[in-house]
Amino acid sequence: MSLRLGQIVDALGGSLEGGDRDTVIVRIAPLETADASSISFLHNPRYVTQLAHSKAACVIVAETMREAALAHGTCIVTPDPYVYFARLTQLWQAQQPAAWPVGIHHSAIVHPQAQVDPTATIGPQCVVERGAVIGAHTVLRSHVHVGERCRIGQRCLLHPGVVVGADGFGFAKQAGRWHKIEQLGAVAIGDDVEIGANTCIDRGALDDTVVADGVKIDNLVQIAHNVRIGAHTVIAGNTGIAGSARIGAHCSIGGAANILGHLEIADGTSISPTSMVTRSIHKPDLYTGIFPLQTNTEWEKNAASFKQLYQLRERIKKLEKALDALTGDK
Amino acid sequence: MSLRLGQIVDALGGSLEGGDRDTVIVRIAPLETADASSISFLHNPRYVTQLAHSKAACVIVAETMREAALAHGTCIVTPDPYVYFARLTQLWQAQQPAAWPVGIHHSAIVHPQAQVDPTATIGPQCVVERGAVIGAHTVLRSHVHVGERCRIGQRCLLHPGVVVGADGFGFAKQAGRWHKIEQLGAVAIGDDVEIGANTCIDRGALDDTVVADGVKIDNLVQIAHNVRIGAHTVIAGNTGIAGSARIGAHCSIGGAANILGHLEIADGTSISPTSMVTRSIHKPDLYTGIFPLQTNTEWEKNAASFKQLYQLRERIKKLEKALDALTGDK
Amino acid sequence: MSLRLGQIVDALGGSLEGGDRDTVIVRIAPLETADASSISFLHNPRYVTQLAHSKAACVIVAETMREAALAHGTCIVTPDPYVYFARLTQLWQAQQPAAWPVGIHHSAIVHPQAQVDPTATIGPQCVVERGAVIGAHTVLRSHVHVGERCRIGQRCLLHPGVVVGADGFGFAKQAGRWHKIEQLGAVAIGDDVEIGANTCIDRGALDDTVVADGVKIDNLVQIAHNVRIGAHTVIAGNTGIAGSARIGAHCSIGGAANILGHLEIADGTSISPTSMVTRSIHKPDLYTGIFPLQTNTEWEKNAASFKQLYQLRERIKKLEKALDALTGDK
C-alpha cells in the first residue's frame, strides 16, 4: 500500500509545505520509528524535540509547529494533527479490501425473521436471532451474537465475540432457591457505536438496555440489564456496569472501573481506571479510587495500619483533647 | 402477547381483588412507567407512594399492602409479590417460541461420543466435545463450548460464548521455562445452573471443578481449576475465583470481586462488589474491601498519606508516650 | 487409561525404588485422595506428614524425601518432583486422542490467503483471516478468531473464544465526537505461548502488539494495542494491560491485576492479584496494592476515616508542633 502526499492532501485537506506532492508514502509511523518513506504526526508540543531526530518524509503538524516542522523538512499543516492522523488511518485502511465482504457470510446464522440491512456485513459464524435489526453499513466481525429483538444502529462495528442481548442477571429468592426473572426487554444500540471483543451487553428485564449514538466500548466490558449509556461516552476494557446504572453523555470510564447499579453519573464525568463508583455523581470531574501500589513489604505494614485507621483517628482526637487540657485551650 | 388477569391467577395463584378477570394485560412494567394495560408489582413497602401515581391496570402486592392497592384499583394479593412477578415473567416468556427449537442446531458441532439429552437445546455454533454430557431440558444458546468429559446437569441455561472445560492454568517452572501441567480433570455442573455470557469455567488439574445445583453465575466470570461452588450461590459479573477455592452454599459474590485460591468461604457469606478475598472466611457476614471514590484531587492527597500510614501510626504512638511523660501517666 | 511404573520411568527418567515396574497406575492424584492404583507426588517438604497417611501406590519425591518415601512404600526419585509431575500429566494426556485431529475442522473458516502449517490444528468454528499465519503444531481449540495479518508461532495453544487481532481502542476527539483511528498494526505471538479462554489481544495502531516466546496467559485477559510482553512471563485471569505497556520477561502478573498504558515493568517483577500498576517499575520485586477485606461494619468506619487521611496527617503534624513547644524541643 502506498499514497503520494498529493493524494493525501487532496483527500483530507491541510496545507502541504516544504515538499513534493509526488513523494511516495508507504507507512504511517510514530516520529521515533519513522523512516524516509513514512508520514508521521506531532500533536503534542512536548514531543517537538523528537521532530529534529525523526527520519519521517513528512510530518503532520499544527500551525504553531509549522516553523519547527519546516526546519525538519516536509510537513502538512492542519488545525488538529491528531484528528488528521485518524482520518489518514481511515484513508489508508480504505485502500485494502474489508476482511469480509458486505452481506451475510455463508457460515453466519441469521434468523429468517431478523432484519439485516443489505449494506451491513455479518461476518463468519455470527448469530442474529429472531426480530433483531442490524442497521446500514454496520459490521459484525465474527462469532458475534445479537439476541432476539435487539436493535443495532447504523455504521456500528461489533468486534469478535460480542454478545448483545444475553439475559440480564435477575432472580427472585424464595426459601433459599432462585426463581428466574425472564428478561423481557431487549437492547437498543444507536448509530456509530463500536463494541470491543467479547464484550457483553445484557437485555433489559422489562424495558430495554440503551447505548446511545457514538458510544465507544472496549473489550471484555460487562453492561448489565437496563443500563443507559449517554451519547459519545467511551468505556475502556474490563469495565463492569451494574444493572440500571445511568451513565451520562461524553463521559470517560477508565479500564477495569466498576459502577454500581441504580445510580446516575453526570454528563462529562471521568472515572479513573480500576475505580469503583458506589454512589451517584452529580458534578462532572475526574474521580479516582485506586489503591496505591507499593512493594509487598511496605504494603503489609500499611494495610495492617489501615485496618486500625478508625482507631488511629480516635487516638488523635484523644491526644488533641489531652494537649488542649495541658495548654489551657478549649 | 397478552394475558387476561383471570389467566394469570389461574396459572400462578394469588387472589384477584377489586377488578375483572377479563381485563387484558399486554405488558409487565414497573409502577412508574406502567400504563392502563400493564400489570405491575410492589414488593418493597418503601415504594408504596409510587402506587398512588401508577397507571397500572393491576398491581401485585402482599397482604400488608392490600388496602393501599385496593384504594388504587385492581390488585393480586400473594405472599411474595417479587417471586410472583418472577413467575409471571416466566408465564409471559412461555407464550413465545424459544429462540431455537429443542434439539441440535445444524451448525452446532457435537462429537459423536458426546451424550446430549433429546430434550436439550444445542444452539447455533455450539461445540460439545467427546464424552461431554448435556442433561435434560438444558439450553446452550450460541457459541458455547463444552469440553471433553464435562457434565452439565438438567434445566441449565448457558448463555452465548460460555466456555466450560478449557484447561486450568497450571505450569511447573524449570530454569525459567514453564512445563504445562495437562489438566486431566473435568467440570461437573449440577442442575438448574445458569451461566452468563462469555463466562469461563476451567477443568480441574486432577479432580473436577464442581458447580453445585442452583448456582447462578453472571457474565464474564472466571472460575479456575478445582474450584468448588456450593448450591444456590450467586456470582455477579466480572468476578474471578482462583484455583481450588471452595465457596460455600447460599453465598452472594458481588460483581468484579476476586477470591484467591486454596481458601474456603463459609456458607451464607456475602462479598461486596470489587472486594478481594485474601483469606478464608469462616464466619458468614457481609465482607467489604472497596477503595473509597473521591475527586482525583482529594485522592492524590489521601493516597500519598496512605503510603505513610504505618509511619503515621508510629508518630501517634510517639505522641502518646510524650504526652504520658508530660502528664505523669504510664 | 493406565501406565505401568516401568513405562513411566522409561519415558520420563527418575529412579524407581522400593517397588515393582509392573505395578499398574490408573490415576494421578494428590497425596490425600490417592488410592492404591494412584501415583502421587510430594514437592513441598511441608506436606511430608501427608505421606504417612497416603494410600498412593507410588510417590514422586526429591532425593531429600527418599527415606520418608521408602518408609511409606514405592517411590520415584527425581531432582524436581513438580516438573516430573507436569511431564507425567503430559505422558498421560498423550495416551488419549486429541479433542480434534490435526488439520482444519470442516466448520472452521480459514481465508484462502491465510497460511496454516499442515501440522497445526484449527478446531471447530475458528476463524482465521486473510494474511494470518499459524505455526507448526499450534492448536486453536474452538471459536478462536485470528485477525488479518496476525502471526501465531509454533506449539502454541489458544483456548476457546480467544480473539487475536481485534482493533485496538483508538479514537481522536473532535468537537465531542470520536474519529476512529484505524488499527494498521497486527499481533505477533511467539512460540510455546498458551492463551486462555475468551482472552483478547488487540492489534497495534501502527506497529504490532508483541507476545514473546513461552508466555502463558490465563482466561479473560485484555491485552491492548502495542503492548509488549517479554518471554516466559505468566499472566493470570481477568488481568488488563493498557495500551503500549511493556512488560518484561519472566514476570508474574496476578489475577485481575491492571497495568496502565505507556509504562515499563522490569524483567522478573511480580504483581499481586488485583493490584493496579500506575507507574513504571524499574526494580524487580513483589508489588502489591490490595484493599484489605473487612466485615462491612468495620470497613464503613475505616473507609470514612480514609477520606480524611490527609487531614489526620495534618492534625498529627500540629500535635507534634504543640508538644515540641511544650517540651522545649525544636
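Output the residues belonging to the stretch C:84-100 that are aliphatic (A, V, I, L, M) and at the interface with another protein chain (Cβ under 8 Å from one of its Cβ atoms).
C:A86, C:A99
For the stretch A:300-325, give me each residue that is among the charged types (D, E, K, R), within 7 Å of another protein chain (Cβ to nearest Cβ) and in a helix (DSSP H, G or I).
Filtering the stretch A:300-325 down to residues among the charged types (D, E, K, R) leaves A:300-301, A:307, A:313-315, A:317-318, A:320-321, A:324.
When the remaining residues are screened for being within 7 Å of another protein chain (Cβ to nearest Cβ), the result is A:301, A:307, A:313, A:315, A:320.
Selection gives A:K301, A:R313, A:R315, A:E320.
So, in the stretch B:62-83, of the ones that are within 18 Å of A:K180 (Cβ to Cβ) and in contact (Cβ under 8 Å) with a residue 24 or more places away in the chain, which residue ends up nearest to the other protein chains (Cβ to nearest Cβ)?
Of everything passing the filter in the stretch B:62-83, B:Y82 is nearest to the other protein chains (Cβ to nearest Cβ).
Here is a list: B:A36, B:A94, B:A98, B:A86. Which entry is aliphatic (A, V, I, L, M), surrounded by fewer than 14 Cβ atoms within 10 Å (Cβ to Cβ) and free of Cβ contacts under 8 Å to residues at least 12 places away in the same chain? Break it down stepwise before answering.
On the way: B:A36 fails: free of Cβ contacts under 8 Å to residues at least 12 places away in the same chain; B:A98 fails: free of Cβ contacts under 8 Å to residues at least 12 places away in the same chain; B:A86 fails: surrounded by fewer than 14 Cβ atoms within 10 Å (Cβ to Cβ).
So the residue among B:A36, B:A94, B:A98, B:A86 that is aliphatic (A, V, I, L, M), surrounded by fewer than 14 Cβ atoms within 10 Å (Cβ to Cβ) and free of Cβ contacts under 8 Å to residues at least 12 places away in the same chain is B:A94.
Which residues, counting only those in the stretch C:38-53, are away from chain B (no Cβ under 14 Å) and over 18 Å from C:D80 (Cβ atoms)?
The answer is C:T49, C:Q50, C:A52, C:H53.
Can you tell me how many residues in the stretch A:142-176 are in contact with a Cys (Cβ under 8 Å, 6 or more places away or on another chain) and more than 7 Å from chain B (Cβ to nearest Cβ)?
6
Quick one: is B:D267 more than 9 Å from chain A (Cβ to nearest Cβ), in a loop (DSSP other than H, G, I, E, B), within 18 Å of the chain's Cα centre (by Cα) and not basic (K, R)? Don't jump to the end; show me each part of the working.
Details: more than 9 Å from chain A (Cβ to nearest Cβ): yes; in a loop (DSSP other than H, G, I, E, B): yes; within 18 Å of the chain's Cα centre (by Cα): yes; not basic (K, R): yes.
Yes.
Return the residue satisfying two criteria in turn: it lies in the stretch A:116-132 and is out of contact with any Gly (no Cβ under 8 Å at 6 or more places or on another chain) and within 18 Å of A:V187 (Cα to Cα), and of such residues it is nearest to the other protein chains (Cβ to nearest Cβ).
Start the filter on the stretch A:116-132 by keeping residues that are out of contact with any Gly (no Cβ under 8 Å at 6 or more places or on another chain), which leaves A:116, A:119, A:123-126, A:128, A:130-131.
Retained after the next criterion (residues that are within 18 Å of A:V187 (Cα to Cα)): A:116, A:126, A:128, A:130-131.
On the way: A:V116: 15, A:C126: 9, A:V128: 10, A:R130: 7, A:G131: 10 Å.
Within the stretch A:116-132, the match that is nearest to the other protein chains (Cβ to nearest Cβ) is A:R130.
Which of the residues that make up the stretch B:120-137 are within 27 Å of the chain's Cα centre (by Cα) and in a loop (DSSP other than H, G, I, E, B)?
At the first step, the residues of the stretch B:120-137 found to be within 27 Å of the chain's Cα centre (by Cα) are B:120-129, B:132-137.
The answer is B:A120, B:G123, B:P124, B:Q125, B:C126, B:E129, B:A132, B:G135, B:A136, B:H137.
Which residue is surrounded by the most Cβ atoms within 10 Å (Cβ to Cβ), if the candidates are limited to the stretch B:186-206 and must be in a strand (DSSP E or B) and within 11 Å of chain C (Cβ to nearest Cβ)?
If we filter the stretch B:186-206 for residues that are in a strand (DSSP E or B), which is where we start, we get B:187-189, B:194-195, B:200-201.
From what's left, within 11 Å of chain C (Cβ to nearest Cβ): B:200-201.
On the way: B:C200: 30, B:I201: 32.
Here the residue is B:I201.
Can you tell me which of (1) touching a residue at least 12 places away in the same chain (Cβ under 8 Å); (2) at the interface with another protein chain (Cβ under 9 Å from one of its Cβ atoms); (3) not polar (S, T, N, Q) is the one A:R246 doesn't meet?
Exception for A:R246: condition (2).
Check A:D80, A:D20 and return the single one that is surrounded by 17 or more Cβ atoms within 10 Å (Cβ to Cβ) and acidic (D, E).
Values: A:D20 fails: surrounded by 17 or more Cβ atoms within 10 Å (Cβ to Cβ).
Sole residue among the options that is surrounded by 17 or more Cβ atoms within 10 Å (Cβ to Cβ) and acidic (D, E): A:D80.
Would a scan of the stretch C:301-321 turn up a residue that is more than 19 Å from A:L319 (Cβ to Cβ) and among the hydroxyl-bearing types (S, T, Y)?
No.
Conditions tested, residue by residue: (1) modelled with pLDDT under 95; (2) over 22 Å from B:N198 (Cα atoms); (3) assigned to a strand (DSSP E or B); (4) not aliphatic (A, V, I, L, M).
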{"residue": "C:P118", "(1), (2), (3), (4)": "no, yes, no, yes"}
{"residue": "C:R155", "(1), (2), (3), (4)": "no, yes, no, yes"}
{"residue": "C:A172", "(1), (2), (3), (4)": "no, yes, yes, no"}
{"residue": "C:W178", "(1), (2), (3), (4)": "no, yes, yes, yes"}
{"residue": "C:L184", "(1), (2), (3), (4)": "no, yes, no, no"}
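Need the failing condition index for A:S40 against (1) polar (S, T, N, Q); (2) at pLDDT 95 or above; (3) assigned to a helix (DSSP H, G or I), just the number.
For A:S40, the exception is condition (3).
Quick grid of which residues meet (1) in a strand (DSSP E or B); (2) under 12 Å from the mean Cα position of the chain (by Cα); (3) modelled with pLDDT of 95 or more:
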residue	(1), (2), (3)
B:V210	yes, no, yes
B:N226	no, no, yes
B:H232	no, yes, yes
B:G237	no, yes, yes
B:H250	no, yes, yes
B:A256	no, yes, yes
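Would you tally the residues in the stretch C:207-225 being buried (at least 24 other Cβ atoms within 10 Å of the Cβ) and either more than 16 Å from C:R141 (Cα to Cα) or touching a His at 6+ places or on another chain (Cβ under 8 Å) (or both)? Give the steps one after another, and end with the answer.
In the first step, residues of the stretch C:207-225 are kept if they are buried (at least 24 other Cβ atoms within 10 Å of the Cβ); the result is C:209, C:211, C:215, C:217-225.
If we keep only those that are either more than 16 Å from C:R141 (Cα to Cα) or touching a His at 6+ places or on another chain (Cβ under 8 Å) (or both) as well, we get C:209, C:211, C:215, C:219, C:221-225.
The number of residues fulfilling the criteria is 9.
How many residues are within 7 Å of chain C (Cβ to nearest Cβ) and either on the phi > 0 side of the Ramachandran plot or buried (at least 21 other Cβ atoms within 10 Å of the Cβ) (or both) if we restrict to the stretch B:271-284? Spell out the reasoning first.
Residues of the stretch B:271-284 within 7 Å of chain C (Cβ to nearest Cβ): B:272, B:275-278.
This time we only want the ones that are either on the phi > 0 side of the Ramachandran plot or buried (at least 21 other Cβ atoms within 10 Å of the Cβ) (or both), so: B:272, B:275-277.
So the answer is 4.
State whether the residues of the stretch C:139-151 include one that is more than 22 Å from the chain's Cα centre (by Cα), of a type in the set (A, V, I, L, M, F, W, C) and part of a loop (DSSP other than H, G, I, E, B). Walk me through how you get there before you give the answer.
Start the filter on the stretch C:139-151 by keeping residues that are more than 22 Å from the chain's Cα centre (by Cα), which leaves C:147-149.
Applying the additional criterion that residues be of a type in the set (A, V, I, L, M, F, W, C) yields none.
Checked the stretch C:139-151: no residue is more than 22 Å from the chain's Cα centre (by Cα), of a type in the set (A, V, I, L, M, F, W, C) and part of a loop (DSSP other than H, G, I, E, B).
Yes or no: C:G261 closer than 24 Å to B:L220 by Cβ, in contact with a strand residue (DSSP E or B) (Cβ under 9 Å, 6 or more places away or on another chain), surrounded by fewer than 24 Cβ atoms within 10 Å (Cβ to Cβ) and away from chain B (no Cβ under 14 Å)?
Working: closer than 24 Å to B:L220 by Cβ: yes; in contact with a strand residue (DSSP E or B) (Cβ under 9 Å, 6 or more places away or on another chain): yes; surrounded by fewer than 24 Cβ atoms within 10 Å (Cβ to Cβ): yes; away from chain B (no Cβ under 14 Å): yes.
Taking the combined requirement at face value, the residue satisfies it.
Do you know which residues across the stretch A:285-299 are farther than 22 Å from B:T295 by Cα and either more than 10 Å from chain C (Cβ to nearest Cβ) or among the aromatic types (F, W, Y) (or both)?
A:W299
The values are calculated or read from the model by the stated rules, or taken from the named source; none is laboratory data. Note that the structure is predicted; figures quoted are calculated from it, not measured. For neighbour counting, all protein chains shown are included, and Cβ atoms are generated from backbone atoms with ideal geometry for every residue, glycine included.
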